[in-house]
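Trainee: Before I ask anything, here is the structure I am working with.
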Amino acid sequence: MNIFDQAMEIETKGEALYRQFALEAPNKGMRNIFTWLADREREHYGIFREMKTGKSVELTKNTILRDVRDIFEEWLEKTPCIEPTTAQVVLYRKALEVEKKSVSVYEAYAATAAPSLKKIFLRIAAEEKGHRRIMENIIELVTKPDVWAENAEFSHLDENYYL
């Protein structure tokens with residue numbers, strides 16, 4: 001399996017996982033976040049498919065943190081109480097591990113890729129780091145809602161919060 005096939009497989013699994021989370025989400029806000037994440041994984045799949053065929057790939061501006069911050073803010077305004085099941089939290093942690101793995105894989109690919117491909121792998125790895133931060137926030141929100149909600153600025157969504 002070449003690097004593009006492996007990357008497309010990672011993105012397909014990520015999309016399927018987030019679509020499943022969206023179907024099982026306890027409220028509309030979480031459903032929106034998981035659908036948004038699934039859509040981003042679908043976009044990454046398309047990028048890798050284009051790269052595999054040798055086509056030129058144009059990456060759009062990354063708005064991940066702004067988009068998700070907006071979703072979180074809207075969600076919390078309408079849904080102050082979240083009570084996920086223990087099984088959901090276990091699955092969210094699984095998604096977090098998937099995101100960590102994808103970052104690691106894409107950074108490893110970037111280390112050996114041609115300069116034009118290296119830039120794309122690093123950009124997608126950065127987006128996957130954003131997905132990781134989102135999952136960390138969701139896990140923190142559903143397991144420690146009082147601590148998470150104390151920060152009205154949503155600074156835990158900032159780029160350097162988990163570094």
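Taken together, the values in this text are just the output of simple stated rules run on the coordinates, not laboratory data. Only a predicted model underlies this, so the values are computations on that prediction, with no experimental measurement involved. Positions of Cβ are backbone-derived with ideal geometry, glycine not excepted, and every protein chain shown enters the neighbour counts.
Trainee: Need the C-alpha centroid separation for the stretch 85-110 versus the stretch 1-62, integer Å.
Mentor: Spelled out, the Cα-based centre of one part sits 13 Å from the other.
Trainee: Let me ask something additional. For an R0 of 25 angstrom, estimate the FRET efficiency from the Cβ-Cβ distance between ASN2 and ALA126 and round to the nearest 0.05.
Mentor: Calculated transfer efficiency: 0.65.
Trainee: Neighbour counts of other C-beta atoms within 10 Å: give me SER56, SER104 arranged from fewest to most.
Mentor: In increasing order of surrounding Cβ atoms, one gets SER56, SER104.
Trainee: Can I ask one more? Loop-only chymotrypsin sites (Phe, Trp or Tyr not before Pro) in the stretch 104-146, please: DSSP not H, G, I, E or B, and at most 16 other Cβ atoms within 10 Å.
Mentor: In loop regions of the stretch 104-146 (DSSP not H, G, I, E or B), there are no sparsely surrounded chymotrypsin sites (Phe, Trp or Tyr not before Pro).
Trainee: Can you give the FRET efficiency for ARG93 and ALA16, using 1/(1 + (r/R0)^6), R0 = 22 Å, r = Cβ-Cβ distance, to the nearest 0.05?
Mentor: The pair ARG93/ALA16 has a calculated efficiency of 0.80.
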